[in-house]
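Peer 1: This is the structure, below, for whatever I ask next.
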Amino acid sequence: MSETSLSALSSESRRFDPPAGLAAAANVTADAYKHAAEDRSGFWAEQAGRLTWERPWDTVLDWQPPFATWFGGGRLNVSVNCLDRHVEAGLGDRVAYHWVGEPQEDRRTITYAELLAEVSKAAHALTELGVEAGDRVCIYLPMIPEAAIAMLACARIGAAHSVVFGGFSAQALIDRITDADAKLVITSDGGYRRGAPSALKPAVDEAVAQCPSVQNVLVVRRTGQDVAWGAKDLWWHDLVDHQPSTHSPEAFDAEQPLFLLYTSGTTGKPKGILHTSGGYLTQVAWTHWAVFDLKPETDVYWCTADVGWVTGHSYTVYGPLANAATSVLYEGTPDAGGKDRWWSIVEEFKVSILYTAPTAIRTFMKWGDELPRGRDLSSLRVLGSVGEPINPEAWMWYREVIGGGRCPIVDTWWQTETGAMMIAPLPGVTSCKPGSAMGPLPGISVDVVDHDGHGVGETGGGYLTLDEPWPAMLRGIWNDEQRFRDTYWSKFAGRYFAGDGAKWDENHVLWLLGRVDDVMNISGHRISTTEVESALVSHPSVAEAAVVGAADDTTGQAIVAFVTLTAAATAQDVGEPLLKDLRDHVAKEIGPIAKPKQIVIAPELPKTRSGKIMRRLLVDIAERRELGDVTTLADPTVVSAINDTMGAAVDGR
Ligand code: WT7
């Protein structure tokens with residue numbers, strides 16, 4: 001973000017107070033900040049009391065930086081907290097999920113009692129397949145109820161799940177299964193994408209052939225399309241459906257691993273972020289209840305994130321279920337069956353809380369006001385945003401056109417690593433500025449620091465750090481303690497460095513400024529430049545590649561790749577077919593989300609005299625801004641050569 005847009009943001013003077021009615025009945029009031037500041041661990045212990053523990057904890061927090069134990073000695077079962085206790089409290093008939101398939105008429109309503117029965121059966125099935133507490137299970141599914149059922153079944157028996165987003169390729173699956181040493185893969189024949197069945201199982205077949213740790217593949221029949229069948233494959237309906245629908249759960253330690261979720265870092269290899277049980281569930285449950293002002297008896301909540309991302313874990317599955325909320329679960333894309341599909345879903349289920357990403361909001365802005373205006377959205381009362389900074393224009397549009405000017409917007413900053421929301425307004429308390437996540441939640445402490453780790457004070461910009469442990473914090477990177485220490489805890493001693501820049505404005509309101517490292521944020525999804533570069537150089541025609549994230553009106557950032565070709569490839573007449581081939585190659589190596597929007601074939605890459613690629617300069621070129629300082633460049637003419645080639649580059653997906 002440039003300095004000018006930065007100062008424009010921080011001089012944002014509009015403020016929107018909480019609606020009076022909402023404030024009067026809000027779950028959380030301003031007292032929470034004071035109370036939590038006085039006694040942080042007492043505050044979190046109180047929130048942990050929202051859960052049902054089989055054995056109470058001995059200590060709230062044991063902090064041996066960078067390792068935290070939350071609620072040590074406590075024992076609980078996460079799936080019991082999401083299901084059994086609600087059914088026992090008489091809420092068995094409450095709808096847990098209104099599932100909406102991509103095909104127009106596809107619907108499935110699942111009550112808490114039904115979900116408990118399904119999870120119990122799946123838990124028996126996993127046990128029958130030899131899955132034990134402590135094992136890892138890979139889940140590669142579309143947005144169907146079985147995704148949540150599979151996650152909860154793992155939690156129920158103390159196995160950790162590793163959900164891999166269905167848009168990732170076979171290679172990405174191989175890397176994740178191998179790193180986690182997963183015993184079982186749960187997948188489906190396919191899913192629906194824009195009206196047509198799209199296969200998932202072939203990628204699993206390819207992966208399983210290379211992953212000896214996998215003993216079985218459990219396959220949900222979703223589309224009915226043809227699938228190849230191997231010796232390790234079992235149909236979900238053959239194995240799960242006949243199992244007993246009751247299951248006696250065992251309680252596990254508060255620090256029992258709950259899941260691994262792989263995310264991109266600054267090097268090529270994705271990191272397996274480890275989350276555990278008691279602290280994680282405490283913070284996702286509390287934040288889901290507090291930040292959305294959830295009234296579980298009456299609200300209908302919809303988080304549009306896929307379960308393949310952390311938002312889907314924390315705010316489609318664990319948070320809402322721990323709070324006995326009623327949620328919508330939607331399988332498809334925003335334009336499946338018409339560009340007003342989302343608004344028809346809000347209307348049909350009278351959704352009252354909507355949680356989505358700026359990239360989606362900006363897409364809807366482009367599609368025009370008529371579509372949402374053509375639907376009854378009057379049920380909405382709280383709107384959430386997550387994944388990247390939301391620009392004030394999109395914030396205002398969200399508020400006016402979707403929220404009818406009545407609904408507070410909660411812009412929530414957090415990460416795969418933080419597990420749960422960290423920085424966000426409280427809808428009944430905070431007077432919001434459009435585009436800002438406002439400040440840390442009660443119980444959370446942030447500090448914006450300069451290069452040397454010194455706090456910047458009440459106003460000023462720098463690096464966003466978290467200087468106190470929090471219950472849902474990552475407990476490590478799977479199998480890589482050194483990388484855990486190096487990545488998060490070494491830049492500023494004793495504090496977690498998030499990788500984001502941030503700035504306090506003159507009202508001590510916090511503005512998130514995007515990543516300061518080589519990680520791009522495409523439509524709210526993290527992709528590392530190195531990962532895409534490695535994919536590109538693994539193509540036989542590519543000699544060198546440099547990838548940058550360039551500002552994009554819709555997706556926040558777009559991937560722009562600069563490549564130099566091998567002598568052999570240069571000698572041939574390359575052109576468009578090669579560019580297409582390169583983009584397909586990246587899709588195969590990582591997944592379609594990592595396809596560069598633009599590839600520039602350059603004669604050379606701009607480098608410093610020490611041989612470091614000058615990314616800043618490439619971003620300037622990609623965004624077609626005036627060029628930054630080129631005096632440190634080994635060969636300054638390279639830049640103008642690249643600029644000339646830009647005109648000829650292929651654009652669009
Ligand atoms: C990165 C984390 C949290 C779930 C989705 C992404 C960016 C996230 C915001 C926000 C500004 C945001 C940050 C962060 N980010 N939410 N409200 N305002 N930036 O999870 O893939 O782990 O990415 O997303 O840059 O570091 P993730």
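Peer 1: When ligands, DNA and RNA are left out and all protein chains stay put, how many square angstrom of accessible area per residue does the chain have with a 1.4 Å probe?
Peer 2: Roughly 36 Å² per residue, with all protein chains present.
Peer 1: Can you sort Phe252, Phe165 by 1.4 Å-probe accessible area, starting with the largest?
Peer 2: Result, largest first: Phe165, Phe252.
Peer 1: So, one more: Could you tell me what fraction of 2.2 N^0.38 Å the Cα radius of gyration of the stretch 447-507 comes to, as a two-decimal ratio?
Peer 2: Working it through for the stretch 447-507, the quotient is 1.21.
Peer 1: Would you calculate, for the chain, the mean residue ellipticity at 222 nm contributed by helices, counting each DSSP H stretch of 4 or more residues as -39,500 (n - 2.57) and dividing by all residues, to the nearest 500?
Peer 2: -8000 deg cm²/dmol
Peer 1: Continuing with the same structure: Apply the Karplus parameterisation 6.51 cos²θ - 1.76 cosθ + 1.60, with θ equal to phi minus 60°, to every residue of the stretch 20-25 and state each ³J(HN,Hα) to the nearest whole Hz, in sequence, with x for glycine and proline.
Peer 2: Each residue of the stretch 20-25 in turn: 4, x, 5, 4, 5, 10 Hz.
Peer 1: Projected area of the chain, taken from the Cα convex hull and averaged over every viewing direction, in nm²?
Peer 2: 28.1 nm²
Peer 1: On a C-alpha basis, how far is the centre of the stretch 248-278 from the centre of the stretch 541-588 in Å? Whole number, if you could?
Peer 2: The two parts, judged by their Cα centres, are 34 Å apart.
Peer 1: Assuming 1.567 mPa s and 4 °C, estimate D for the stretch 46-99 with Stokes-Einstein, Rh taken as the Kirkwood radius over Cα pairs, in µm²/s.
Peer 2: Calculated translational D: 99 µm²/s.
Peer 1: Let me ask something else. Would you mind calculating the relative contact order of the stretch 539-648 from Cα pairs under 8 angstrom and at least 6 residues apart, reporting the percent as a whole number?
Peer 2: Worked out over the stretch 539-648, it gives 26 percent.
Peer 1: How much accessible area does Val131 have with a 1.4 Å probe, in Å² rounded to the nearest 10?
Peer 2: Its heavy atoms expose roughly 10 Å² to the probe.
Peer 1: Sticking with this structure for a sec: Which value, in debye to the nearest 20, gives the size of the charge dipole of the stretch 539-648 about its Cα centre, when Lys and Arg are +1 and Asp and Glu are -1 at the Cβ?
Peer 2: It comes to approximately 300 debye.
Peer 1: Follow-up question, since we're still on this one. If you put +1 on each Lys and Arg Cβ and -1 on each Asp and Glu Cβ, how big is the dipole of the chain around its Cα centre, in Debye rounded to 20?
Peer 2: Using only the charged Cβ atoms, the result is roughly 380 debye.
Peer 1: What do you get for Rg/Rh over the stretch 472-557 if you use C-alpha atoms and the Kirkwood form of Rh?
Peer 2: 1.05
Peer 1: Something else now. Explain nothing, just compute: Karplus ³J(HN,Hα) = 6.51 cos²θ - 1.76 cosθ + 1.60, θ = phi - 60°, for every residue of the stretch 588-602 in order, whole Hz, x for Gly and Pro.
Peer 2: So the Karplus estimates, Gly and Pro as x, are 6, 6, 10, x, x, 5, 9, 4, x, 6, 9, 10, 10, 7, 10 Hz.
Peer 1: Just the accessible area for Trp478, please: 1.4 Å probe, Å², rounded to the nearest 10?
Peer 2: 50 Å²
Peer 1: Average projected area of the Cα convex hull of the stretch 539-648, in nm²?
Peer 2: Orientation-averaged projected area of the Cα hull: 7.2 nm².
Peer 1: Another question, then. Taking amide H positions as placed in the peptide plane 1.01 Å from N, state which residues far from Ser385 in sequence (5 or more) or on other chains have amide H under 5 Å from it.
Peer 2: Amide H to amide H, under 5 Å and 5 or more residues apart or across chains, Ser385 pairs with Thr356, Val410, Asp411, Thr412.
Peer 1: Would you kindly derive the ³J(HN,Hα) couplings of the stretch 95-109 from the backbone phi angles with the Karplus curve 6.51 cos²θ - 1.76 cosθ + 1.60 (θ = phi - 60°), listing them in order in whole Hz, with x for Gly and Pro?
Peer 2: Computed from phi, the couplings for the stretch 95-109 are 6, 8, 10, 8, 8, 10, x, 5, x, 3, 8, 6, 9, 8, 9 Hz.
Peer 1: Restricting everything to alpha-carbon atoms, can you work out Rg to Rh for the stretch 191-324 with a Kirkwood hydrodynamic radius?
Peer 2: Result for the stretch 191-324 is an Rg/Rh of 1.00.
Peer 1: Excluding residues fewer than 8 places away in the same chain, name every one of the lysines whose C-alpha is closer than 26 Å to that of Lys491.
Peer 2: Partners found: Lys269, Lys271, Lys503, Lys607, Lys612.
Peer 1: Hey, if we sort Thr487, Thr412, Thr570 by accessible area with the 1.4 Å probe, largest down, what's the order?
Peer 2: Thr570, Thr487, Thr412
Peer 1: Now for a different question. Over the stretch 600-639, what percent of the accessible surface lies on carbon and sulfur atoms, probe 1.4 Å?
Peer 2: 54 percent
Peer 1: Using a 1.4 angstrom probe on heavy atoms only, work out the carbon and sulfur share of the accessible area of the stretch 392-454 in %.
Peer 2: Carbon plus sulfur share of accessible area: 47 percent.
Peer 1: Now for a different question. List the residues whose amide H sits under 5 Å from the amide H of Ser198, counting only those 5 or more places along or on another chain, with H placed 1.01 Å from N in the peptide plane.
Peer 2: Result for Ser198 returns Gly191, Tyr192, Arg193.
Peer 1: Give the residue from Ala641, Ala546, Pro603 lying farthest towards the positive end of the charge dipole for the stretch 539-648; charges sit on Cβ (+1 for Lys and Arg, -1 for Asp and Glu) and the dipole is referred to the Cα centre.
Peer 2: Ala546
Peer 1: Search the structure for amide H atoms under 5 Å from the amide H of Met438, placed 1.01 Å from N in the peptide plane, and list their residues when 5 or more places away or on another chain.
Peer 2: It is Leu510, by chain and number.
Peer 1: Hey, another quick one. What percent do you get for the relative contact order of the stretch 126-198 when only Cα pairs under 8 Å and 6+ apart count?
Peer 2: Across the stretch 126-198, relative contact order equals 42 percent.
Peer 1: OK, next. Taking a probe of 1.4 angstrom, what is the accessible area of Asp450 in Å², to the nearest 10?
Peer 2: Number for this one is 50 Å².
Peer 1: Remind me, relative contact order of the chain in percent, using alpha carbon pairs under 8 angstrom and six or more residues apart?
Peer 2: It rounds to 13 percent for the chain.
Peer 1: Would you be so kind as to identify which of Leu141, Val446, Tyr262 lies farthest towards the positive end of the dipole of the chain, taking Lys and Arg as +1 and Asp and Glu as -1 on Cβ and the Cα centre as origin?
Peer 2: Result: Leu141, furthest along the dipole toward the positive end.
The values are calculated or read from the model by the stated rules, or taken from the named source; none is laboratory data. This structure is a prediction, so every number in the text was calculated from the model and none was measured. When we count neighbours, we look across all protein chains shown, and the Cβ atoms used for this are built from the backbone with ideal geometry, even at glycine. These accessible areas exclude ligands, DNA and RNA; they are computed on the full protein's heavy atoms, side chains included. Shrake-Rupley method; radii C 1.70, N 1.55, O 1.52, S 1.80 Å.
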